[in-house]
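Visitor: Please read through the structure below; I'll follow up with questions.
All of the numbers you see were taken from the coordinates with simple rules; none came from a lab. All figures in this text were calculated on a predicted structure; none of them were measured in a lab. For neighbour counting, all protein chains shown are included, and Cβ atoms are generated from backbone atoms with ideal geometry for every residue, glycine included.
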Amino acid sequence: MDSYKAERERMIEHQIAGRGIKNKDVLEAMRSVPRHLLLPKSDWDYAYGDFPVRIGSGQTISQPFIVALMTELLDVRPADRVLDVGTGSGYQAAILAELASEVHSIERYPDLADSASKKLASLGYTNIHVHTGDGTLGYPPAAPYDRIIVTAASPSIPEALLSQLANEGRLVIPVGSRHLQHLEVWNRKGDDFRHESSIPVVFVPLIGEQGWDAND
Ligand code: SAM
């Protein structure tokens with residue numbers, strides 16, 4: 001019995017569909033994933049609120065609307081193989097796993113990666129592989145990816161991620177300063193990479209070789 005089902009429905013009605021997210025598969029994925037179970041039990045009552053929630057190690061799980069918007073912009077298809085940079089709680093990875101055939105998710109904090117991996121396994125996801133490491137370098141062993149999503153703020157687009165994008169692939173990433181970014185959508189056609197900017201957002205920093213320095 002999922003006692004948070006009604007809260008999840010309200011979240012979808014008011015925060016997601018109510019704000020213009022139309023993709024039926026994205027709405028269905030957000031209806032299916034029990035977001036609260038990816039948070040510590042003490043935070044379950046905040047899981048469906050219209051705000052980010054702290055998840056430990058100074059990190060956050062994004063506001064539900066931002067997860068929905070980024071997923072809609074990513075335009076995931078059933079056969080896609082996806083790279084998710086910034087596992088955090090594992091919620092975005094679970095949403096992607098509802099839509100794609102295979103998800104590789106990479107997180108720089110080993111404790112977050114470990115906790116997300118265990119929770120995702122206990123929810124029955126067999127198509128998510130969680131890795132610990134610097135996601136600014138992508139995850140070369142499973143490249144190329146049809147879709148790449150980055151859920152931490154980058155000062156510029158990491159070249160390693162563009163190089164691990166499959167032909168006809170798409171990448172969604174927040175790019176900008178430490179305090180304000182814009183979502184960018186990159187499309188690859190052969191050697192041609194083009195991007196468009198979407199809405200302003202605020203994410204925690206992407207820290208690594210092709211992102212921010214931890215001391216910045
Ligand atoms: N997608 C997550 C979720 O659904 O809970 C939320 C992501 S949180 C906003 C950003 C995450 O990116 C943090 O967990 C942070 O530790 C991680 N991160 C930052 N730099 C990273 C890097 N270079 N490689 C992998 N993860 C990184």
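Visitor: Collect the residues in region 51-72 that are small (Gly, Ala, Ser) and without any contact (Cβ under 8 Å) to a residue 60 or more places away in the chain, keeping them in residue-number order.
Guide: Across region 51-72, the qualifying residues are 56, 57, 68.
Visitor: Has region 192-203 got any residue that is touching a residue at least 40 places away in the same chain (Cβ under 8 Å) and out of contact with any Leu (no Cβ under 9 Å at 6 or more places or on another chain)?
Guide: yes
Visitor: Looking for whichever is within 29 Å of residue 79 (Cβ to Cβ), buried (at least 20 other Cβ atoms within 10 Å of the Cβ) and within 15 Å of the ligand (Cβ to nearest atom) here; the options are 181, 164. Which one fits?
Guide: 164
Visitor: Please tell me if residue 48 is touching a residue at least 40 places away in the same chain (Cβ under 8 Å), touching a His at 6+ places or on another chain (Cβ under 9 Å) and aromatic (Phe, Trp, Tyr).
Guide: yes
Visitor: Please work out if residue 21 is closer than 27 Å to residue 186 by Cα and among the β-branched types (Val, Ile, Thr).
Guide: Criteria met by residue 21.
Visitor: Additional query: Give the residues of region 35-72 that are more than 12 Å from the ligand (Cβ to nearest atom), crowded, with 18+ Cβ neighbours inside 10 Å and assigned to a loop (DSSP other than H, G, I, E, B), sorted by residue number.
Guide: If the condition is that a residue be more than 12 Å from the ligand (Cβ to nearest atom), crowded, with 18+ Cβ neighbours inside 10 Å and assigned to a loop (DSSP other than H, G, I, E, B), then 48 is the only one that fits.
Visitor: Hey, another quick one. Within region 136-159, take every residue that is touching a Pro at 6+ places or on another chain (Cβ under 8 Å) and of a type in the set (A, V, I, L, M, F, W, C) and give me the one that is nearest to the ligand (Cβ to nearest atom).
Guide: So the residue we want is 152.
Visitor: If you don't mind, there's one more thing I want to ask. Pairs please, first residue from region 205-216 and aliphatic (A, V, I, L, M), second anywhere and assigned to a strand (DSSP E or B), Cβ atoms under 7 Å, 6+ apart in sequence or on different chains.
Guide: 206/150; 206/153; 206/154; 206/212; 214/207
Visitor: A further question on this structure: Do we have residue 215 as of a type in the set (S, T, N, Q), at negative phi and away from the ligand (no atom under 16 Å from the Cβ) here?
Guide: It is false that residue 215 is of a type in the set (S, T, N, Q), at negative phi and away from the ligand (no atom under 16 Å from the Cβ).
Visitor: Further question on the same structure: I'd like to check something: does region 190-200 contain any residue that is basic (Lys, Arg) and part of a strand (DSSP E or B)?
Guide: yes
Visitor: If you don't mind, there's one more thing I want to ask. Please count how many residues of region 91-119 are more than 11 Å from the ligand (Cβ to nearest atom) and either over 18 Å from residue 81 (Cβ atoms) or out of contact with any Pro (no Cβ under 9 Å at 6 or more places or on another chain) (or both).
Guide: Within region 91-119, residues that are more than 11 Å from the ligand (Cβ to nearest atom) and either over 18 Å from residue 81 (Cβ atoms) or out of contact with any Pro (no Cβ under 9 Å at 6 or more places or on another chain) (or both) number 7.
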